[in-house]
Amino acid sequence: MDPGKLNHRITFQIQNLDSEEEEWNDIVTTWASINPISGREYYQAETINSDLTHKVRLRYRKGITPDMRILYKDRIFNIVSVINEYEKNAILQLMCRELM
């Protein structure tokens with residue numbers, strides 16, 4: 001992975017289930033790339049999950065799960081799936097849905 005493409009500073013958050021209000025706690029901040037999925041990918045994803053809007057790629061990090069979300073500036077992305085590319089523990093690809 002070209003480190004120059006990891007040009008977005010993102011924060012992973014997890015929901016605090018002990019709180020009565022919807023409260024999210026920061027877990028870790030790291031560098032990643034955020035790209036809208038292409039028209040072809042969107043068409044393919046539509047048969048499975050029409051809500052996918054973005055693909056986030058970052059260096060492999062243990063413990064990232066779909067019950068987390070990503071905060072980037074004032075934008076929020078729900079993680080739909082976590083893919084360990086080629087099962088090599090080198091790159092994570094996250095399929096996400098941006099909250100509007």
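Gyration tensor over the Cα atoms of the chain: the corresponding equivalent ellipsoid has semi-axes (square roots of 5 times the eigenvalues, largest first) of 21, 18, 13 Å. Cross-link partners for Lys55 among the lysines, with Cα-Cα distance under 16 Å and sequence neighbours closer than 8 places in the same chain left out: Lys5. The magnitude of the dipole of the chain, with charges of +1 and -1 set on the Cβ of Lys/Arg and Asp/Glu and taken from the Cα centre, is near 700 debye. How many Å² of accessible area per residue for the chain, probe 1.4 Å? Value returned for the chain: 67 Å² of accessible area per residue. Surface composition of the chain: carbon plus sulfur atoms contribute 47% of the solvent-accessible area (1.4 Å probe, protein chains only, all chains present).
The values are calculated or read from the model by the stated rules, or taken from the named source; none is laboratory data. The model shown is predicted, which means the values in this text are computed figures rather than measured ones. Using ideal geometry, Cβ is built from the backbone for each residue, glycine included, and neighbour counts are taken over all protein chains shown. SASA here: full protein model, heavy atoms, side chains in, ligands and nucleic acids out. Shrake-Rupley method; radii C 1.70, N 1.55, O 1.52, S 1.80 Å.
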